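Reading through the structure tokens given below for one structure.
Throughout, read-outs are computed from the coordinates displayed, never taken from laboratory work. Predicted model, so just to flag it, every value in this text is computed and none were measured. As a convention, Cβ positions derive from the backbone with ideal geometry for all residues, glycine included, and neighbour counts pool all protein chains shown.
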Amino acid sequence: MTRQSALDSVRSQAIEIARGWSAPGSPSSWALTAGIFTALGHDDELAAMAAEIPRDLMPALLFCAAACYLIGEDEPPGLVDFFPGAGGAQRAFDSRFEPVFRSFCLARRAELLAVCGSRRYQMNEVARSTQVAVALGVLGRRAPTAGIALIDLGTGAGLGLHPDRYCHQLDGGPDLGDRTSPLILQCETKGPFVPPLPRTMPPIQWRVGIDLEPLDLADPDDRLWARSCLPPERGALERFDQASRLFLAHPCSILRGDAIESLPALLDAVPEDLLPVVVDTYAAVFFSDQERSQFHEVVRHWGEIRDLAWISLDPLVPLGTAGRFSVQDLDVPDEVVVRYQQGGVFALLGLISYEQGRRTSNLLACAHPSGTTMTWLDRV
């Protein structure tokens with residue numbers, strides 16, 4: 001990739017993400033997230049810094065996470081007040097943010113790039129588990145007696161391994177998950193229709209995560225990094241803290257490794273009486289074209305051997321303003337593509353399942369990156 005193409009890619013991704021967080025009617029608490037990515041996308045020097053990061057490390061996202069990490073670590077006066085903290089009022093986002101953010105990043109250039117060189121971007125927005133819970137509920141309605149073996153790709157700190165331990169509240173439907181859970185995830189639903197929502201999820205009886213660099217929530221620095229990858233929004237950070245406590249109380253196995261290389265052995269290890277469900281939330285979107293092809297081949301091959309399912313919650317590819325295709329190769333309506341390219345990033349919730357070798361696919365919904373809103377696309 002040439003320097004110019006790397007720079008264009010950073011700008012495209014940053015602008016697309018900023019649009020997704022600044023759509024008309026967005027909560028004011030999302031303005032800071034949009035402002036950070038806007039600053040990166042519109043500033044030549046910041047974009048040039050991010051363009052030095054290898055493309056496979058997700059430069060725009062990694063750069064902004066590293067900046068939030070250093071701000072959280074150093075608490076620079078005049079800048080940290082824009083961020084939600086443990087105490088004191090958060091300063092309202094305004095035009096004064098961008099120049100102080102820019103100055104901080106340029107002054108801390110060496111440290112910022114050093115963080116980018118030692119870390120991977122790992123989003124742990126637990127509210128996205130609600131979309132996974134819906135897809136699991138659809139699976140459970142099709143196979144009501146099947147227990148689930150959940151395999152979470154790119155799991156980071158593992159918060160996506162416990163959708164059954166959260167309470168998911170969707171407009172117009174019953175609560176899913178654990179109705180007594182201390183963590184309640186609310187999701188606003190939109191669209192011209194409301195599908196018949198599942199009332200329960202199948203029991204998860206086996207669960208494991210895969211990540212290139214798993215995060216240890218008991219380690220203070222790993223925990224700070226995981227928080228830094230989240231949108232700097234009070235609700236997201238509170239959800240993360242509550243979910244972290246639940247994970248530490250119910251630890252799961254997380255395998256260090258490449259998702260595509262590790263998946264066949266894990267599928268082979270799943271007990272025969274359980275349905276393997278591969279979950280991918282904002283993971284496959286970052287695979288190369290070749291890696292996605294390899295991943296499809298793994299899923300197809302195992303779907304011929306045993307029943308299994310793949311739940312995907314991913315933006316369109318390529319990531320950025322030119323996004324057009326589903327990572328699952330599902331048919332995406334033209335109006336959805338136009339809305340994505342003009343209005344900013346969101347994810348498609350797709351479900352592919354194999355039963356006795358027969359493949360079924362559904363494009364269930366679109367969902368905001370926060371996981372707190374979704375628009376139905378299928379009546380299933």
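Charge tally for F325 (other residues, Cβ to Cβ under 11 Å; Lys, Arg +1; Asp, Glu -1): -2.
Loop-located trypsin sites (Lys or Arg not before Pro) across segment 114-189 with a Cβ neighbour count of 16 or fewer within 10 Å are R179, with loop assigned by DSSP.
Restriction of the GluC sites (Glu not before Pro) in segment 210-308 to DSSP coil positions whose beta-carbon has at most 10 other beta-carbons within 10 angstrom yields E272. For the chain, what D do you get in µm² per second when you plug the Kirkwood radius from alpha-carbon pairs into Stokes-Einstein at 20 °C and 1.002 mPa s? The calculation lands on 102 µm²/s. When you work out D = kT/(6 pi eta Rh) for segment 3-118 at 20 °C and 1.002 mPa s, using the Kirkwood radius from C-alpha pairs as Rh and the Stokes-Einstein form, the result is 149 µm²/s. With both labels modelled 7 Å from their Cα along Cα-to-Cβ, the Q341 to F193 distance reads 2.7 nm. Quick one: work out Rg over Rh on the C-alpha atoms of segment 230-380, Rh as Kirkwood radius. Rg divided by Rh gives 0.98. Placing unit charges on the Cβ atoms of the charged side chains and taking the dipole of the chain about its Cα centre, the candidate lying farthest along the positive direction among V332, S26, G160 is S26. Every helix of 4 or more DSSP H residues in the chain counts as -39500 (n - 2.57), and over all residues that averages to -12500 deg cm²/dmol at 222 nm. With R₀ fixed at 51 Å, the C-beta to C-beta distance from A110 to H301 puts the FRET efficiency at about 0.65. Relative to the longest principal axis of the Cα atoms of the chain, the long axis of helix 3-21 makes an angle of roughly 70 degrees.
What net charge do the residues around A283 carry, taking every other residue with its C-beta under 10 Å from that of A283, with Lys and Arg at +1 and Asp and Glu at -1? Neighbourhood net charge equals -4. Comparing mean-square fluctuations of L161, L313, L248 from a GNM of the chain with C-alpha springs under 10 Å, the top value falls on L248.
For segment 155-211, applying the loop criterion from DSSP together with a ceiling of 15 other beta carbons within 10 Å to the chymotrypsin sites (Phe, Trp or Tyr not before Pro) yields F193.
Using the alpha carbons alone, the radius of gyration of segment 328-367 stands to its Kirkwood radius in an Rg to Rh ratio of 1.08. Net length available on complete extension from T200 to Q290 is 28.7 nm, with 0.36 nm assigned per residue and the Cα-Cα distance removed.
The residues packed around V336, meaning those with a beta-carbon under 14 Å from its beta-carbon, carry a net charge of -2 if Lys and Arg are +1 and Asp and Glu are -1.
The GNM of the chain, with springs linking C-alpha atoms under 10 angstrom apart, assigns the highest mean-square fluctuation among P198, P24, P144 to P24.
Each of I148, I254 was scored by other Cβ atoms within 10 Å of its Cβ. Arranged with the fewest first, they read I254, I148. For segment 126-376, the Cβ-based charge dipole about the Cα centre amounts to some 700 debye (Lys, Arg positive; Asp, Glu negative; other atoms uncharged). When the charge dipole of the chain is built from unit charges on Cβ atoms (+1 for Lys and Arg, -1 for Asp and Glu) and taken about the Cα centre, the candidate among P76, M123, Q169 whose Cα reaches farthest toward its positive end is Q169.
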